[in-house]
Amino acid sequence: MPYDTRQYAAISDVITDLNPGEPVYCIYPRLLHNDVRQFVSGFPGRVMYAVKANPDPRIVEHVLTAGVRDVDAASIEEMELVHAIDPTVRCYFMAPVRLRGAVERAYTAHHVRDYVVDHHDELRRVAAELPQQDVTVFVRMATDNPDATYNLSEKFGASHADTVALLREVASLGFEPALAFNTGSLVRRPGAYVDALKHCQKVLEEAGVAVRQVDVGGGFPSDYPGMQSEPWESFFKAIDETRQSLPLLRNVELHAEPGRALIANGMSLLTQVLHRAGNRLFINDGVWGSMVEPMLSKGELRYPSRAFRGTTPVTGADQNYEVFGPTCDSMDRLPAPLPLPCDLAAGDWIEFGTMGAYSLSNRTHFNGFFPDNFVEIVGDTSAPPSIG
Ligand SMILES: Cc1ncc(COP(=O)(O)O)c(C=O)c1O
């Protein structure tokens with residue numbers, strides 16, 4: 001393992017050994033590998049890991065060794081990070097608006113042959129910077145999915161008419177045309193993928209362009225308290241059956257760009273209570289550190305948790321706490337109450353589960369706090385807090 005990450009059998013051993021005053025990211029490799037393997041073996045196509053969900057090199061390395069060979073990268077930095085771990089991984093440049101020069105650098109330095117566009121201007125920039133013969137250009141189509149926790153089509157994705165026109169233009173420029181969509185992030189039911197695939201059929205009929213690849217994007221769910229989703233198998237079955245039922249999609253190769261689904265469960269966060277005032281808890285991490293998602297989702301997304309005093313679990317009846325992070329502003333507050341045992345005090349530890357996705361990728365240095373400690377929990381029966 002290239003990163004000096006201490007391994008422990010259980011979370012209690014981390015507390016005993018480190019007595020950690022700073023937050024600690026706890027990677028559970030067994031869980032991480034199981035989730036990646038389950039996704040890769042169940043999805044009816046190729047799986048690219050969306051690096052943005054968790055770009056920590058330790059996590060990326062686990063995802064790769066568990067069986068992923070493709071990644072969805074949004075920047076040259078993400079490609080460098082992945083290729084420093086394994087130069088044979090295939091990077092797809094799936095951000096529809098890029099920094100100047102990034103397309104050419106991706107092509108020459110990272111051998112990227114797959115690019116996404118959702119606008120004619122970006123297509124022309126790609127065409128100006130790249131040879132056409134060995135490049136696939138995915139046209140990203142907007143999808144309508146009010147059900148997603150985050151609607152990615154508010155920012156990217158071409159309209160129906162633009163998708164048709166872009167596909168024709170991609171083909172006429174001599175690129176290999178392909179289609180892509182993103183139904184959102186944290187999509188809890190498969191219907192959005194079914195609708196989007198049916199939309200692809202209509203777009204292809206109208207464009208009169210044949211494609212060999214369709215990328216169904218990310219969005220596959222992980223379970224959080226109060227936010228349970230249909231199992232991945234239902235998504236995979238619905239996607240496969242829909243594809244088989246559509247004449248212009250029946251023989252395409254599918255891709256998916258999961259981020260959250262692969263890595264959410266396999267990492268927890270060990271925090272410490274700094275101060276308690278009644279039902280107000282002040283802990284050493286918050287929304288400017290690892291917990292921006294509760295704020296972005298307006299309190300809908302919460303994490304399962306458990307508390308320790310020393311190495312002993314704190315038990316007994318729960319009460320709801322208002323939880324604040326360590327920075328000086330009042331925004332640094334979890335929007336939803338956190339149920340934990342009544343008997344909590346400064347110095348106790350709280351382990352939050354399902355912390356793998358969009359936690360450390362969104363950390364800031366605000367007020368000088370930057371969680372950056374990692375351990376691995378490798379005991380056969382050790383598991384982080386979960387809603388199960
Ligand atoms: C283009 C693209 N692909 C994939 C993802 C990953 O989404 P998720 O983590 O919900 O699977 C995102 C998330 O923002 C995205 O923008």
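Spot the failing condition for residue 50; the list is (1) surrounded by fewer than 17 Cβ atoms within 10 Å (Cβ to Cβ); (2) within 12 Å of the ligand (Cβ to nearest atom), and only one is missed.
(1)
Within region 129-233, which strands (runs of 3 or more DSSP E) (wholly inside it) include 2 or more residues that are open to solvent by 60 Å² or more (accessible area, probe 1.4 Å), in contact with a Lys or Arg (Cβ under 9 Å, 6 or more places away or on another chain) and not polar (S, T, N, Q)?
On the way: elements: 136-141, 176-181, 213-215.
By residue number, no strands (runs of 3 or more DSSP E) qualify.
Six or more apart or on different chains, Cβ atoms under 9 Å: show the pairs whose first residue is in region 295-313 and more than 17 Å from residue 362 (Cβ to Cβ) and whose second is among the aromatic types (Phe, Trp, Tyr).
304/224; 304/352; 305/352; 306/352; 307/349; 308/349; 309/349; 310/349
Taking residue 117 as the residue in question, decide whether it is within 25 Å of residue 165 (Cβ to Cβ), open to solvent by less than 10 Å² (accessible area, probe 1.4 Å) and in contact with a strand residue (DSSP E or B) (Cβ under 8 Å, 6 or more places away or on another chain). Before the answer, list the steps.
Numbers: within 25 Å of residue 165 (Cβ to Cβ): yes; open to solvent by less than 10 Å² (accessible area, probe 1.4 Å): yes; in contact with a strand residue (DSSP E or B) (Cβ under 8 Å, 6 or more places away or on another chain): yes.
Judged against the criteria, residue 117 is a match.
Only one of 104, 78, 61 is over 29 Å from residue 128 (Cβ atoms) and open to solvent by 10 Å² or more (accessible area, probe 1.4 Å). Can you tell me which? Give the steps one after another, and end with the answer.
Numbers: 104 fails: over 29 Å from residue 128 (Cβ atoms); 78 fails: over 29 Å from residue 128 (Cβ atoms).
Testing whether each residue is over 29 Å from residue 128 (Cβ atoms) and open to solvent by 10 Å² or more (accessible area, probe 1.4 Å) leaves just 61.
Among the candidates 113, 69, 58, which residue alone is in the same structural domain as residue 253 (by the TED database), of a type in the set (Lys, Arg) and more than 23 Å from residue 265 (Cβ to Cβ)?
Working: 69 fails: more than 23 Å from residue 265 (Cβ to Cβ); 58 fails: more than 23 Å from residue 265 (Cβ to Cβ).
Among 113, 69, 58, only 113 is in the same structural domain as residue 253 (by the TED database), of a type in the set (Lys, Arg) and more than 23 Å from residue 265 (Cβ to Cβ).
Which pairs turn up if I take residues in region 148-173 that are without any contact (Cβ under 8 Å) to a residue 60 or more places away in the chain and closer than 18 Å to residue 131 by Cα and look for partners that are in a strand (DSSP E or B) and more than 16 Å from the ligand (Cβ to nearest atom) with beta carbon separation below 6 Å, at least 6 apart in sequence or on another chain?
Partner pairs satisfying both residue conditions: 167/177; 170/177; 171/177.
Which ones in region 205-223 are within 11 Å of the ligand (Cβ to nearest atom) and farther than 17 Å from residue 358 by Cα? Please lay out each step first, then the result.
Going residue by residue through region 205-223, those that are within 11 Å of the ligand (Cβ to nearest atom) are 215-222.
Within region 205-223, 215, 216 qualify.
Does region 66-87 contain at least one residue that is among the hydroxyl-bearing types (Ser, Thr, Tyr) and either touching a residue at least 40 places away in the same chain (Cβ under 8 Å) or away from the ligand (no atom under 14 Å from the Cβ) (or both)? Spell out the reasoning first.
In the first step, residues of region 66-87 are kept if they are among the hydroxyl-bearing types (Ser, Thr, Tyr); the result is 75.
Still in the running and either touching a residue at least 40 places away in the same chain (Cβ under 8 Å) or away from the ligand (no atom under 14 Å from the Cβ) (or both): none.
Taking every residue of region 66-87 in turn, none turns out to be among the hydroxyl-bearing types (Ser, Thr, Tyr) and either touching a residue at least 40 places away in the same chain (Cβ under 8 Å) or away from the ligand (no atom under 14 Å from the Cβ) (or both).
Got at least one residue in region 132-146 being in the same structural domain as residue 60 (by the TED database) and farther than 25 Å from residue 208 by Cα?
The answer is yes; a qualifying residue exists.
For region 2-29, which positions are out of contact with any strand residue (DSSP E or B) (no Cβ under 9 Å at 6 or more places or on another chain) and buried (at least 16 other Cβ atoms within 10 Å of the Cβ)?
none
For region 116-132, what are the residues that are within 16 Å of residue 168 (Cα to Cα) and either free of Cβ contacts under 8 Å to residues at least 12 places away in the same chain or not polar (S, T, N, Q) (or both)? Show your work before the answer.
Initially, region 116-132 is screened for residues within 16 Å of residue 168 (Cα to Cα), giving 116-124, 126-127, 132.
If the condition is that a residue be within 16 Å of residue 168 (Cα to Cα) and either free of Cβ contacts under 8 Å to residues at least 12 places away in the same chain or not polar (S, T, N, Q) (or both), then 116, 117, 118, 119, 120, 121, 122, 123, 124, 126, 127 are the ones that fit.
Do we find that residue 226 is away from the ligand (no atom under 16 Å from the Cβ), farther than 16 Å from residue 119 by Cα and not charged (D, E, K, R) in this structure? Spell out the reasoning first.
Working: away from the ligand (no atom under 16 Å from the Cβ): yes; farther than 16 Å from residue 119 by Cα: yes; not charged (D, E, K, R): yes.
When the stated conditions are applied, residue 226 passes them.
Please go through (1) surrounded by fewer than 24 Cβ atoms within 10 Å (Cβ to Cβ); (2) within 15 Å of the ligand (Cβ to nearest atom) for residue 240 and return the number of the only condition it doesn't satisfy.
(2)
Please state which one of 83, 33 is in contact with a helix residue (DSSP H, G or I) (Cβ under 7 Å, 6 or more places away or on another chain), open to solvent by 10 Å² or more (accessible area, probe 1.4 Å) and within 19 Å of residue 355 (Cα to Cα). Steps first, please.
Working: 83 fails: within 19 Å of residue 355 (Cα to Cα).
Testing whether each residue is in contact with a helix residue (DSSP H, G or I) (Cβ under 7 Å, 6 or more places away or on another chain), open to solvent by 10 Å² or more (accessible area, probe 1.4 Å) and within 19 Å of residue 355 (Cα to Cα) leaves just 33.
Listed residues 364, 354; which is among the polar types (S, T, N, Q), surrounded by 14 or more Cβ atoms within 10 Å (Cβ to Cβ) and closer than 21 Å to residue 55 by Cα? Give the derivation first.
Working: 364 fails: surrounded by 14 or more Cβ atoms within 10 Å (Cβ to Cβ).
The conditions single out 354.
Return the residues of region 105-115 that are outside any loop (DSSP other than H, G, I, E, B) and either on the phi > 0 side of the Ramachandran plot or in contact (Cβ under 8 Å) with a residue 24 or more places away in the chain (or both); say none if nothing qualifies. Working first, answer last.
Within region 105-115, the first condition is being outside any loop (DSSP other than H, G, I, E, B), and the residues that meet it are 105-110, 114-115.
Of everything in region 105-115, those that are outside any loop (DSSP other than H, G, I, E, B) and either on the phi > 0 side of the Ramachandran plot or in contact (Cβ under 8 Å) with a residue 24 or more places away in the chain (or both) turn out to be 105, 106, 107, 109, 110, 114.
Those residues that are touching a Lys or Arg at 6+ places or on another chain (Cβ under 9 Å), touching a residue at least 60 places away in the same chain (Cβ under 8 Å) and under 17 Å from residue 195 (Cα atoms), I need them from region 234-271; list them, please.
243, 254, 255, 256 - these are the residues of region 234-271 that are touching a Lys or Arg at 6+ places or on another chain (Cβ under 9 Å), touching a residue at least 60 places away in the same chain (Cβ under 8 Å) and under 17 Å from residue 195 (Cα atoms).
The values are calculated or read from the model by the stated rules, or taken from the named source; none is laboratory data. Quantities reported herein were computed from a predicted structural model and do not represent experimental measurements. Neighbour counts run over all protein chains shown; Cβ positions are idealised from the backbone, glycine included. Side chains included, ligands, DNA and RNA excluded: accessible areas come from the protein's heavy atoms. Shrake-Rupley method; radii C 1.70, N 1.55, O 1.52, S 1.80 Å.
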